[in-house]
Amino acid sequence: MTSARTHRLDVAVTGLGLITPAGNGVDDNVERVWSGRSTARGTEALAGLPVDFSCQVEDFDADETLGRRLALRMDRVSHLGLAAARQAVTDAGLDPSTWDGARVAVVIGTSFGGSASFEREHETFLLRGASVVSPQLMTMAPVNMTAGFIAMDLKALGPNQVVSTACASGATAIGLGRMLLGSGACDVVLAGGAEAALTRTGIASLAKMGALSRRTDDPAGASRPFDAQRDGFVAGEGAGVLVLERAADARARGARVRAHVSGFGASADGHHPSAPHPDGAGAERAIRAALADALLEPRDVSHVNAHGTSTPMNDVTESRVISRVFGEHPVVTSTKGVIGHLIGAAGAVEAAYTVLAVQNGSVPPTANLVSLDDDVEVDVVAKEPRRLRIGAAVSNSFGFGGQNAVLVVTSA
């Protein structure tokens, strides 16, 4: 008979890096996300498509941030991921020139990798022939390359992994990073997600399958999680990276600890390529597994950062799962109303927002929530932030293929 576990693994979040439609860095993101102002707008590269708007990263110059020589070798997804990783390391007060790189791991989640480079070079191939296709495509497009470039740039020479669980990728990466620390395989993990897949082909496909909002006359009001008039999500791009360390190690070096990642749960729906399980069975298993990993009861959780995509099926199904597991007491939000759906980066960026909510005692509002859907029976924050002392919070991430990942964040 196996005895019940009595000790949980509290992993310290000592650094955050955020490059998102809400801004470049933590402060810009807090200002925009906590104000509840949408970032969606018409997108020139999507002109002429049935859905011609998105949430783009603005005011980010890869040449200026990374250096032109390095930037030319990378897809935009790696530009965003590496910039977020550099930010996170600086925020953690770590110096790659002095750390033991062999004890530093990288785990990055992404869904599409360098799809923009692949689409561009495929068009070149069709229009101009094989002789002008870039030889660098094979080091720009693969999904592993963002993690690889981070390792090269920051001399993070320990385990280097990429996970791809669709829209749960970033959260899965953080969960796996925590496992690496628990196993003793490394002492520091740069964990998160990156995505830059606002390509014409990708957006056309998402629009054709009915996943995207069609509010072309009102992009800023298009992403409206839990609202009765929601009609789909708004695609976005961005990156979020967290520096994770064992809590004892962080204390020993005198690091500022923003919060702890104290639990992780994952599951598969085994139901449908794109639709959630009708009663949310897989999501519920992941949530309960994360709570068990954190040695917490549902009553201990006061905030849920929902996956909250603004699609008709997800929002009702997820709200029912939240209500079934936690009851009516947790304060719920979805930050996709501001930044859209960052696909493979969504779980990492939303985990970072959950860390900030726990650290600052403030839950950001769900943008564009005007009239709560009658079938949504949870306490969703709207219009303005809500002050709240948060001992434990949950961040939900669900993806195509029925892949679910849930993180538990606790106060430091």
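The values are calculated or read from the model by the stated rules, or taken from the named source; none is laboratory data. In this text the structure is predicted, and so the values were computed from the model without any measurement. FYI the Cβ positions are ideal-geometry reconstructions off the backbone, even for glycines, and counts take in every protein chain you see.
This table checks each residue for (1) within 16 Å of Gln56 (Cα to Cα); (2) of a type outside the set (Val, Ile, Thr); (3) out of contact with any Pro (no Cβ under 8 Å at 6 or more places or on another chain).
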{"site": "Val188", "(1), (2), (3)": "no, no, yes"}
{"site": "Ala194", "(1), (2), (3)": "yes, yes, yes"}
{"site": "Arg200", "(1), (2), (3)": "yes, yes, yes"}
{"site": "Leu206", "(1), (2), (3)": "no, yes, yes"}
{"site": "Gln229", "(1), (2), (3)": "no, yes, yes"}
{"site": "Val241", "(1), (2), (3)": "no, no, yes"}
{"site": "Ala248", "(1), (2), (3)": "no, yes, yes"}
{"site": "Arg251", "(1), (2), (3)": "no, yes, yes"}
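Inspect segment 138-155 for any residue being free of Cβ contacts under 8 Å to residues at least 24 places away in the same chain, among the polar types (S, T, N, Q) and at negative phi and give the result as yes or no. Among the residues of segment 138-155, not one is free of Cβ contacts under 8 Å to residues at least 24 places away in the same chain, among the polar types (S, T, N, Q) and at negative phi, which makes the answer no.
Just the residues that are under 23 Å from the mean Cα position of the chain (by Cα) and either aliphatic (A, V, I, L, M) or in a loop (DSSP other than H, G, I, E, B) (or both), please, taken from segment 99-118. Answer for segment 99-118, where residues must be under 23 Å from the mean Cα position of the chain (by Cα) and either aliphatic (A, V, I, L, M) or in a loop (DSSP other than H, G, I, E, B) (or both): Val104, Ala105, Val106, Val107, Ile108, Thr110, Ser111, Phe112, Gly113, Gly114, Ala116. Scanning segment 119-146 for residues that are within 23 Å of the chain's Cα centre (by Cα) and either surrounded by fewer than 23 Cβ atoms within 10 Å (Cβ to Cβ) or β-branched (Val, Ile, Thr) (or both) yields Ala141, Pro142, Val143, Asn144, Thr146.
Scanning segment 200-231 for residues that are touching a residue at least 40 places away in the same chain (Cβ under 8 Å) and either of a type in the set (Asp, Glu) or surrounded by 24 or more Cβ atoms within 10 Å (Cβ to Cβ) (or both) yields Leu212, Ser213, Ala222, Ser223, Arg224, Pro225, Phe226, Asp227, Arg230, Asp231. Considered as a group, the residues in segment 81-99 that are closer than 29 Å to Ala141 by Cα and hydrophobic (A, V, I, L, M, F, W, C) include one that is surrounded by the fewest Cβ atoms within 10 Å (Cβ to Cβ), and that residue is Ala83. Here the condition is being assigned to a loop (DSSP other than H, G, I, E, B), touching a residue at least 40 places away in the same chain (Cβ under 8 Å) and among the small types (Gly, Ala, Ser); of Gly282, Gly344, Gly308, it holds for Gly308 alone. Condition check: under 16 Å from the mean Cα position of the chain (by Cα), among the small types (Gly, Ala, Ser), modelled with pLDDT of 95 or more and within 25 Å of Leu190 (Cα to Cα). Does Gly344 satisfy that? So Gly344 passes the test.
Yes or no, residue by residue, for (1) farther than 27 Å from Pro278 by Cα; (2) surrounded by fewer than 22 Cβ atoms within 10 Å (Cβ to Cβ):
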position: Glu350; (1), (2): no, no
position: Asn368; (1), (2): no, no
position: Ser371; (1), (2): no, yes
position: Asp374; (1), (2): no, yes
position: Asp379; (1), (2): no, yes
position: Arg389; (1), (2): yes, yes
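Applying the selection to segment 148-161, what residues are buried (at least 21 other Cβ atoms within 10 Å of the Cβ) and either in a loop (DSSP other than H, G, I, E, B) or in contact with a Ser or Thr (Cβ under 9 Å, 6 or more places away or on another chain) (or both)? Selection gives Phe149, Ile150, Ala156. Name the pairs: first residue in segment 183-199 and more than 10 Å from Ala348 (Cβ to Cβ) and surrounded by fewer than 19 Cβ atoms within 10 Å (Cβ to Cβ), second residue at pLDDT 95 or above and small (Gly, Ala, Ser), Cβ to Cβ under 6 Å, at least 6 apart or on different chains? Nothing qualifies.
Count, please, the residues in segment 227-277 that happen to be in a strand (DSSP E or B) and farther than 28 Å from Arg288 by Cα. Selection size over segment 227-277: 3. Restricting attention to segment 246-283, the residues that are within 25 Å of Thr317 (Cβ to Cβ), in contact with a strand residue (DSSP E or B) (Cβ under 9 Å, 6 or more places away or on another chain) and either surrounded by fewer than 20 Cβ atoms within 10 Å (Cβ to Cβ) or among the aromatic types (Phe, Trp, Tyr) (or both) add up to 3.
May I ask you to verify whether Ala171 is closer than 17 Å to Val107 by Cα, of a type in the set (A, V, I, L, M, F, W, C) and touching a residue at least 12 places away in the same chain (Cβ under 8 Å)? Spelling it out, Ala171 is indeed closer than 17 Å to Val107 by Cα, of a type in the set (A, V, I, L, M, F, W, C) and touching a residue at least 12 places away in the same chain (Cβ under 8 Å). Would you call Thr90 closer than 30 Å to Arg251 by Cβ, out of contact with any Phe, Trp or Tyr (no Cβ under 9 Å at 6 or more places or on another chain) and not in a helix (DSSP H, G or I)? No. One residue stands out among those in segment 285-305 that are of a type in the set (A, V, I, L, M, F, W, C), more than 27 Å from Val338 (Cα to Cα) and part of a loop (DSSP other than H, G, I, E, B): the one that is nearest to the chain's Cα centre (by Cα), which is Ala294. Pairs linking a residue in segment 79-99 that is among the polar types (S, T, N, Q) to a residue that is surrounded by fewer than 24 Cβ atoms within 10 Å (Cβ to Cβ), with Cβ atoms under 8 Å and 6 or more positions apart or on different chains, are Gln87/Gly25; Gln87/Val26; Ser97/Lys155.
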